[in-house]
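Heads up, the thing below is written out as structure tokens.
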Amino acid sequence: MRHLILGIAIAAFSVQGAPGQSKPADASSQAAADFRKKMKECNAARAKHEAVAGPYWTLVAEKRKARFAKRRNGEAITLDDYVLEQPPVYAGPVCPPDPSLRQEDQPEDKPELPVVADFLRNAKAHFGFEPDQVNDSEFKRAYVAVVSAAGITRDQAVRVYSFETGGNGRFDAQAGLIFNKPGARAVSTALGYNQLLTANTVSLLATKGDRFVKALQERAGAMPDEDRKALQRKVDILKRKIAFSRTVPVQWSEHVRLARTPRGIALHALNLDIDIGPLLQTQKLLDSVVFARAKGIERELTAAELEMMNLTGDGNGFDMLVLPPEMRAKVPTSNYFQRLGYERNPIARRTQTVEKLLAETNAVMDRLSRADGAQELSRLFQREASN
């Protein structure tokens, strides 16, 4: 027995190593030291980049504000009213993973964004709302009926849809997840045929909610009793959501803040409902058309022009539309975006100037309008026009 115990002790000693030879501990310490060194380099590089990027984006915002003021006063806009340099690009090292954490516990460079499952879960939890389950063809028919009645043309609607969803996107398509690629992540909360953000939904409910209620109540009046009651229950929930959207001042920054709360996230699920979603998606486009008309553009906007307003916001989009052709090749696209929106938008970064952005937008629309989803939407427009 004594020999057996001694053998076990010797075996254990040989596995663990002699005192002073703790290799796993040494390896762990070295990994931690390497991590600290790389993080120090990464943080230094990021600080150096921010020292340039921060002032750049501050100047973009200041010049934008000044341009809008000059335009209100009827003053001429010149190249001096724009930032003419391209934004600085981070070229430093990527921050390393923390060796003390598991892969799934690593901090994200970009926080996880809510996705469709989150919109639905919060809508049910906070408002008792669940959108009707429909397929994409049914939703397209409902959308075409609404968007046609609003005066949006087939060319505008189909080409914007093509650009925003890749020509085959479903009504529940979210930016970054449209093509269901393995490992894909949402790049924004943009949802649906026209890719509305959560803040867009909050804003539309706050400013146009009564219009949506009226449209649904008028439709309910012509329905059989059971269908009318079902739609009225939906209207009652919509009214509660509208009331919540109005608990903050009508300012974009306030709508952005509210849209990040659980109840604000819940509002976005309305885009997935066959009765309410088409109203929201259409209103976003219609507001841009009305805005341009109020600013003096009486002609029909091209799909690419409408997309610029949809993509950057009505004020920025209009600013781009009225830019003289000779200036479009010189003005960077960064002048029309918030920093985060620009950094998440590959086409804006790649094209660099307004002239190239408009040209590529048209080219993408030309190509993707031939996709099956876009063709289906186009056929539904033709059918709607013949009815």
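The values are calculated or read from the model by the stated rules, or taken from the named source; none is laboratory data. Fair warning: this is a prediction, and the values are worked out from it, not measured in the lab. Here the Cβ is made from the backbone with ideal geometry for all residues, glycine too, and neighbour counts use every protein chain on show. We work out accessible area using only protein heavy atoms, side chains counted, and drop any ligands, DNA or RNA first. Shrake-Rupley method; radii C 1.70, N 1.55, O 1.52, S 1.80 Å.
Observations, loosely collected:
- The chain - percent of accessible surface contributed by carbon and sulfur, probe 1.4 Å: 55
- Whole-number percent relative contact order across the range 131-241, with pairs defined as alpha carbons under 8 Å at least 6 apart: 15
- Cross-link partners of LYS38 among lysines (Cα-Cα below 29 Å; sequence separation of 8 or more within a chain): LYS23, LYS48, LYS110
- Rounded if a/c under 1.5, otherwise prolate or oblate - the range 243-301, Cα gyration tensor axes: oblate
- Computing Cα extents along the principal axes in Å for the structure here picks out one of (i) 67, 50, 45; (ii) 80, 56, 42; (iii) 98, 61, 43, namely (iii).
- Between the C-alpha center of the range 57-76 and that of the range 277-293 there is a gap of 25 Å.
- Value at 222 nm in deg cm²/dmol, rounded to 500, when DSSP H runs of n ≥ 4 in the chain each add -39,500 (n - 2.57): -20000 deg cm²/dmol
- Mean sequence separation of contacting Cα pairs (under 8 Å, at least six apart), scaled by the length of the range 264-379, corresponds to a relative contact order of 16 percent.
- Unit charges at the beta carbon, dipole of the chain: most positive-side option, ASN362, VAL331, ALA33: ALA33
- Applying a threshold of 23 Å to the alpha-carbon distances of LYS140/LYS284; LYS70/LYS356; LYS239/LYS284; LYS63/LYS330 flags LYS70/LYS356 as lying beyond it.
- Summarising the amide proton neighbourhood of LEU196: residues at separation of 5 or more, or on other chains, whose placed amide H is nearer than 5 Å comprise LEU191.
- Dividing the mean sequence gap of close Cα pairs (under 8 Å, 6+ apart) by how many residues the chain holds gives a relative contact order of 21 percent.
- Among the trypsin sites (Lys or Arg not before Pro) in the range 263-332, those located in a DSSP loop and surrounded by at most 10 other Cβ atoms within 10 Å of their own Cβ are ARG299.
- When the Gaussian network model of the chain links Cα atoms closer than 10 Å, the mean-square fluctuations of SER29, SER137, SER188 top out at SER29.
- DSSP H segments from the chain that extend 15 Å or more along their own axis, Cα-based, with Kyte-Doolittle mean of 0.0 or above: 2-16, 116-127, 136-149, 277-294, 354-368
- Dipole of the chain, positive end: most advanced residue of GLN156, GLN352, PRO249 [Cβ charges, Cα centre]: PRO249
- Interchain or long-range residues, amide H under 5 Å from THR353's placed H: THR333
- Spatially, the range 211-231 and the range 334-387 are offset by 34 Å when compared through their Cα centroids.
- In a simple Cβ point-charge model (Lys, Arg +1; Asp, Glu -1; nothing else charged), the range 232-275 has a dipole of about 160 debye relative to its Cα centre.
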